[in-house]
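The values are calculated or read from the model by the stated rules, or taken from the named source; none is laboratory data. As the structure is a prediction and not an experimental result, all values here were calculated from the model. Note that we place each Cβ from the backbone using ideal geometry, even for glycine, and neighbour counts take in every protein chain shown.
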Amino acid sequence: MDQVIRTVLKAEWLKTLTSSRGRRLSKEGFWIVLGQAMAVLGAIVGVRILTTVLPPEAYGQLALGMTVATFANVVVLGPLSNGVIRFFAPAREAEGLPAYFAAVKKLVLRASGVIILFAALLCFVLIVAGHGKWVFLTVMAFCFALLSGYSSVLNGMQNAARQRAVVALHHATLSWGRFLLAAGLVLWLGASSAIAMSGYCVATVFVLLSQRWFFRRMLRPTDVRVEKTDEFREDVWKGDIVRYAWPFATWGVLSWARIASDRWALQLFASTEDVGFYAVLFQLGYYPITLLTGLFTQLVSPICFQQAGDAKDRERLRRVYVLTWKITVGVVAITLVAVVLAIWLNKEIFHLLVADEYHSVAGLLPWMLLAAGLFASAQCCTVGIHSHLKTQSLVGPKAILHGLGAVLNIFGAAWHGIAGLVVANIAFSVTHLVWIVLLSVMGFREVSLPPEKERCVNNDAFQH
């Protein structure tokens, strides 16, 4: 009987795969994988290019400037982009894209105003504090933040419209283009972090122009009709987007504080040159795994969400939890293999991918890989909690974890510089993984309880 069921399921799977929908999903998956793979390759090659033309101190300044750009993106334009992506399809289905576009335009302009005001205030503070040499880099960082934010909004709408090939093209082009143009400007105008950031901005402008051209081709005449839009519907779209987006800003502040604290703590307790060494170590050991994990969750999450359905069927939820645990164990195993390989090959990896003057931190690469892999494992495990619609259970733990991560970074940098930061990253990743696994186990136990016991447990929890 079991063999018959497996045969039927296999036949259904093959039927789905060979259907028009299956072929379309396979094609979309191909473009997602290709875009992410080219972006990762571009990031790795870009490290080699920039470390060749920039000394460690200038590279460290560039890394600090990127934290400023990341803040503007993660806290303001990034959350807005999430809201824009979420409501593009409903707006198109309701034939309300003109009002939707008008709402998006106003929200983007307001967000841009906030970023420009913050940039002006920060530049004024730098000048008053006697750090005028940082003003040009700060201005370029905020310009890059604005341009990449606009690119993210357009990319999001094109992704929502399932133009996977276009999104993959622009994702890969931006990853390669910003490093190549940054290196070109540095060779032409001089080895400066601000000049390199200017190259990032120029590359993003070219990508934006291409995105705009492809985006206009995607639209139908009724999507951009000239007559005045319905102001009521416009306000509704603005309200929907803001309500959906603001929680992402909350997460953004917390995650940015953890991510940026390592570089700024190192700048405070060590030197800008050490920031450059650490940035290279992070980009080789952490950034590629983060991108690949994002690709993996992007592919796996829809499968888990479809399997969980409306999160009311206990058996289906149990299968999702078990699946995410297997994936988590697999990622941990792959991480350990990568760590062992990096212990043997870290010098060769640095010799191939980084300029010689950065090789002093090569021995720390395996342990940065360990931190990245454990964090990635926790992200995979989180998919089960999301499928169970238990995201509210993550609010408190994530706030505590991000705060703990920032504190660990500060103490690590003060204690032992770059090596201390690597230890801090490992401690954060281990704590994060253990906490997420415990939450996942609690979710599994909840769907494994008989309905009567679950009601009793919920009543007791409510009374206490």
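Which of (1) surrounded by fewer than 18 Cβ atoms within 10 Å (Cβ to Cβ); (2) within 22 Å of residue 259 (Cα to Cα); (3) among the hydroxyl-bearing types (Ser, Thr, Tyr) does residue 360 not meet, given it meets every other one?
(2)
Scan the range 216-227 and tell me whether some residue there is modelled with pLDDT of 85 or more and polar (S, T, N, Q).
Looking through the range 216-227, none of the residues is modelled with pLDDT of 85 or more and polar (S, T, N, Q).
Which residues, counting only those in the range 228-250, are crowded, with 17+ Cβ neighbours inside 10 Å and modelled with pLDDT under 65?
Within the range 228-250, 229 is the sole residue that qualifies.
Is it the case, given these coordinates, that residue 81 is hydroxyl-bearing (Ser, Thr, Tyr), in a helix (DSSP H, G or I) and touching a residue at least 60 places away in the same chain (Cβ under 8 Å)? Reasoning before the result, please.
Details: hydroxyl-bearing (Ser, Thr, Tyr): yes; in a helix (DSSP H, G or I): yes; touching a residue at least 60 places away in the same chain (Cβ under 8 Å): yes.
Yes.
From 419, 378, which residue is surrounded by fewer than 19 Cβ atoms within 10 Å (Cβ to Cβ), small (Gly, Ala, Ser), in the same structural domain as residue 292 (by TED's automatic domain parsing) and in a helix (DSSP H, G or I)?
That would be 419, the only listed residue that is surrounded by fewer than 19 Cβ atoms within 10 Å (Cβ to Cβ), small (Gly, Ala, Ser), in the same structural domain as residue 292 (by TED's automatic domain parsing) and in a helix (DSSP H, G or I).
Being part of a helix (DSSP H, G or I), assigned by TED's automatic domain parsing to the domain that holds residue 42 and either surrounded by fewer than 17 Cβ atoms within 10 Å (Cβ to Cβ) or out of contact with any helix residue (DSSP H, G or I) (no Cβ under 7 Å at 6 or more places or on another chain) (or both) is the requirement here; does residue 124 meet it? Can you show your working first?
Values: part of a helix (DSSP H, G or I): yes; assigned by TED's automatic domain parsing to the domain that holds residue 42: yes; either surrounded by fewer than 17 Cβ atoms within 10 Å (Cβ to Cβ) or out of contact with any helix residue (DSSP H, G or I) (no Cβ under 7 Å at 6 or more places or on another chain) (or both): yes.
For residue 124, the condition - part of a helix (DSSP H, G or I), assigned by TED's automatic domain parsing to the domain that holds residue 42 and either surrounded by fewer than 17 Cβ atoms within 10 Å (Cβ to Cβ) or out of contact with any helix residue (DSSP H, G or I) (no Cβ under 7 Å at 6 or more places or on another chain) (or both) - is met.
Regarding residue 348, is this residue of a type in the set (Asp, Glu) and either under 30 Å from residue 192 (Cα atoms) or at pLDDT below 75 (or both)?
The answer is yes for residue 348.
When the range 267-283 is examined, which residues are found to be closer than 16 Å to residue 368 by Cα and either among the aromatic types (Phe, Trp, Tyr) or at pLDDT 90 or above (or both)?
274, 275, 276, 277, 278, 279, 280, 281, 282
Can you run down the residue pairs with Cβ atoms below 6 Å, 6 or more apart or on separate chains, where the first is in the range 348-370 and over 13 Å from residue 49 (Cα atoms) and the partner is of a type in the set (Ser, Thr, Tyr)?
As it stands, the answer is 368/286, since those pairs meet every condition given.
All but one of (1) among the β-branched types (Val, Ile, Thr); (2) over 22 Å from the mean Cα position of the chain (by Cα); (3) buried (at least 19 other Cβ atoms within 10 Å of the Cβ) hold for residue 167; which doesn't?
(2)
Is it true that residue 321 is assigned to a helix (DSSP H, G or I), in contact with a Pro (Cβ under 7 Å, 6 or more places away or on another chain) and crowded, with 21+ Cβ neighbours inside 10 Å?
no
Residue 326 - would you say it is part of a helix (DSSP H, G or I), of a type in the set (Lys, Arg), closer than 18 Å to residue 424 by Cβ and not assigned by TED's automatic domain parsing to the domain that holds residue 56?
Taking the combined requirement at face value, the residue does not satisfy it.
Is it fair to say residue 114 is within 23 Å of the chain's Cα centre (by Cα), surrounded by fewer than 16 Cβ atoms within 10 Å (Cβ to Cβ), hydrophobic (A, V, I, L, M, F, W, C) and assigned to a helix (DSSP H, G or I)?
yes
Say whether the condition of being among the basic types (Lys, Arg), at pLDDT 90 or above and more than 26 Å from the chain's Cα centre (by Cα) is met by at least one residue in the range 299-312. So that I can check it myself, show each step before the final result.
Quick first cut of the range 299-312, residues among the basic types (Lys, Arg) only: 312.
Within this subset, residues satisfying the condition of being at pLDDT 90 or above are none.
No, there is no match, as no residue in the range 299-312 is among the basic types (Lys, Arg), at pLDDT 90 or above and more than 26 Å from the chain's Cα centre (by Cα).
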